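The values are calculated or read from the model by the stated rules, or taken from the named source; none is laboratory data. Computed from a predicted structure; not experimentally measured. With ideal geometry, Cβ positions are generated from the backbone for all residues, glycine too; neighbour counts draw on all protein chains shown. We work out accessible area using only protein heavy atoms, side chains counted, and drop any ligands, DNA or RNA first. Shrake-Rupley method; radii C 1.70, N 1.55, O 1.52, S 1.80 Å.
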Amino acid sequence: MRAPEVVCAGVIVADHVCAPIPRLPNPGELILADDMLLTIGGCAANVAVDLAKMRVPSIVVGRVGNDPFGTVIQRMLEQYGVDTRGIRLSHSRATSQTMIINVAGQDRRFIHIFGANADFKADDLKEFISPQTKVLYLGGYLLLPGLDDDALAEIFRQAQLAGSKVVLDVVVSGPADYLSRLRKVLPYVDVFLPNQDEAEVILGEREPLTQAERFRQLGARTVVITMGGEGAVLVSDRERYRAGVFAVPFVDGSGGGDAFDAGYIYGLLRGYGTRDCLKIASALGASCVRAVGTTPGVFTEAECLEFLRHHELPLQPL
């Protein structure tokens, strides 16, 4: 692939995912699943793979353990053509892993170890941002304890000065003072992409339009609140939209938000306006949930563009 246009930084995970089972097993009981995958997971890795499917070259920056799971993740990324030079080994922590349990008709259940992601630092990013970097994406912010917010804000500022777009997504774990951290970095963020539940934990506010306006007040230029099967709300300087969803068969919601992020980044790289960025993002997010795992169901570029030729996204100006 070409030189990386996108730096995908942040959380990297080895996912163990089962196909939907009829119910959770009782103690001591064995229940069979139709399929079970060991696959790539985590915001940074997922977005990089999804971009590769859309023919966008990227480099992943993050941490894995010095163990077989870290090796598997790097090899799988390389098979997609993703640049893995930015992945560093942690010699004191294992590769992060998530067990994703899918029960038919229910939301996913997760069992997780954070592992080597705890060692990720802002300095890890510096050497991999170059004049060729068109988008700097950081996924999993607020769940990365090794990140210094002031150092990260300065990296974002320098990236913007060099002409890069900064795209930020978050993961939260229970109530905390997240706003003090976001106040430092959001003035240097071009697109902020939290989901509605994360925004509620951060702000104590459930209404998505209000959430988006609050984050805009903190400095983010464009805010997109994703709402799963309810669509998304976008607020920018001049535009406000509520987007619906594309109707697709639902199998597994894992990675849908990351696919949405990748689609939005694709739109930015192609110079699309906010409406078309939302359409691409929504299509890629919808494609993800058709299969087990975070990336197997995601459209290729040709599939995505063909899908959009035949399907219209419900889009309402606000």
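What the table below lists for this structure:
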item	result
Theoretical FRET efficiency, 1/(1+(r/R0)^6), r = Cβ-Cβ of Ala162 and Lys121, R0 22 Å, to 0.05	0.60
Relative contact order (percent, whole number), region 31-158, Cα cutoff 8 Å, 6+ residue spacing	22 percent
Efficiency of FRET between Arg85 and Leu179 - r from beta-carbon atoms, R0 30 angstrom, step 0.05	0.30
Relative contact order of the chain, pairs being alpha-carbon contacts under 8 Å that are 6 or more residues apart, as %	16 percent
Residue (of Ile101, Leu24, Ile73) at the positive-pole extreme of the chain, dipole from beta-carbon charges	Ile73
Listed residue (Gly229, Pro187, Phe250) projecting farthest to the positive dipole end of region 174-280, Cβ model	Pro187
Most positive-pole-ward Cα, Pro314, Gly263, Gly273, against dipole of region 182-318 from beta carbon charges	Gly273
Rg and Dmax [Cα atoms of region 13-134; Å; Rg one decimal, Dmax integer]	16.5, 57
Within region 185-224, backbone nitrogen closer than 17 Å to the virtual label 7 Å beyond the Cα of Leu315 toward Cβ	222-224
Label-point gap, in nm, between Ile113 and Lys134 - each point 7 angstrom along Cα→Cβ	3.9 nm
Test item: Cα-centred dipole of region 192-256, Lys/Arg +1 and Asp/Glu -1 on Cβ, debye	300 debye
Dipole in debye (nearest 20) - region 85-152, about Cα centre, beta carbon charges: Lys, Arg +1; Asp, Glu -1	340 debye
Linear extension gain, Arg270 paired with Glu213, 0.36 nm per residue minus alpha-carbon span	17.9 nm
Relative contact order for region 218-318, counting Cα pairs under 8 Å that sit 6 or more residues apart, in percent	29 percent
Inter-site label distance for Glu78 and Asp35 at 7 Å from Cα along Cβ, in nm	2.6 nm
Separation between Cα centres of region 39-113 and region 239-318, rounded to whole Å	21 Å
Unit charges on C-beta of K, R, D, E only; dipole of the chain, Debye	540 debye
Among (1) 19.5; (2) 21.7; (3) 21.1, the entry that matches Kirkwood radius over Cα pairs in Å as calculated here	(1)
Apportionment of accessible area to carbon and sulfur, the chain, percent (1.4 Å)	51 percent
Stretchable slack from Thr300 to Arg238, in nm (0.36 nm times residue separation minus alpha-carbon distance)	19.2 nm
Mean accessible surface per residue for region 217-299, computed with a 1.4 Å probe while every protein chain stays in place, in Å²	34 Å²
By average C-beta atoms within 10 angstrom, highest first, the peptides 279-286, 89-96	279-286, 89-96
